[in-house]
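Read-outs: derived from the displayed coordinates by stated rules, not from any lab. Treat the numbers as computed from the prediction; the structure is a model and nothing was measured. Cβ sites come from the backbone with ideal geometry, for glycine too, and all protein chains shown count toward neighbours.
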Amino acid sequence: MARLLYNNEGGRLGADPGASGTTITFAIAPNFATLSGSDYIPLVLDAGLATMEIVYLTAYTAAAATGTITRAAEDPSHWPAVSHSSGSWVCAPTVLDLVVPVCRVYRNSAYTPAVTAYTLLPFDTVSFDTAGAFNTSTHLYTTPSAGYYRVLNQWTCSNTTDGSLYLSVIYKNGVEVQETRFAPGAGSVALGFASTDLISCATGDTLGGYYYSPGSAAFTVGSLYTYMTIDKVANG
């Protein structure tokens with residue numbers, strides 16, 4: 001089954017696709033993510049009216065006012081394609097969002113931190129990423145759709161200093177949006193520093209995990225110790 005991208009939208013047609021047309025025009029661009037591969041979105045045109053028709057949006061680019069549709073009817077004598085002048089559209093009510101954007105990444109390679117500077121955590125390994133949104137070159141996650149994202153950022157210092165300040169920080173679009181501070185009561189031990197928050201994002205925003213270290217003690221790396229998780233919890 002193809003991925004179904006659902007956000008319970010509805011609106012007006014900007015133009016009639018025509019009984020045999022394959023291009024749909026929206027009066028206002030819907031908040032759909034870009035469709036790729038076998039993705040599709042079922043739409044009901046003129047729901048509840050004599051001109052009601054189900055079509056499948058099979059090609060769409062985020063923020064566009066037009067897209068490509070496939071008519072659902074295989075036999076027009078049973079479900080004839082019709083015209084929809086000044087018609088309305090809604091997402092088909094039975095559609096479920098089967099692909100929720102969730103991601104987990106971690107630092108696998110050895111890493112010595114920058115000292116006393118807010119620094120982007122260079123996560124280099126992806127555990128899973130349902131939307132393919134994390135870039136291991138930029139170390140940033142680009143949100144595939146608007147909504148609320150829960151972010152957890154953790155890093156582990158292999159050898160802490162007693163009483164020194166350690167920070168775990170979350171950034172959106174290059175700006176700090178959350179910060180958690182730690183001052184260990186005991187030194188010369190390995191400690192993890194984690195921060196988490198719920199971040200409101202638009203399509204195309206970037207999220208990154210940052211750290212602040214008072215010393216140059218190496219990170220304890222690996223999936224258990226230095227990682228970030230991102231999961232979309234609601235549409236926005």
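In terms of other Cβ atoms within 10 Å, Tyr60, Tyr171 run from fewest to most in the order Tyr171, Tyr60.
Peptide packing for 117-123, 142-148 was compared via the average number of neighbouring C-beta atoms within 10 Å per residue; ordered from the highest value, the list is 142-148, 117-123. One way to sum up the overall shape of the chain is the equivalent ellipsoid from its Cα gyration tensor, whose semi-axes run 49, 15, 12 Å, largest first. Each of Cys157, Cys201, Cys91 was scored by other Cβ atoms within 10 Å of its Cβ. Arranged with the fewest first, they read Cys91, Cys201, Cys157. Can you give me the C-alpha center-to-center distance between segment 163-230 and segment 28-44, rounded to a whole angstrom? If we compute the Cα centre of each part, the gap is 35 Å.
In terms of Cα atoms, the Rg and Dmax of segment 102-235 work out to 14.3, 44 Å. In plain terms, the residue of Arg107, Arg181, Arg71 with the fewest other Cβ atoms within 10 Å comes first and the most crowded comes last, giving Arg181, Arg71, Arg107.
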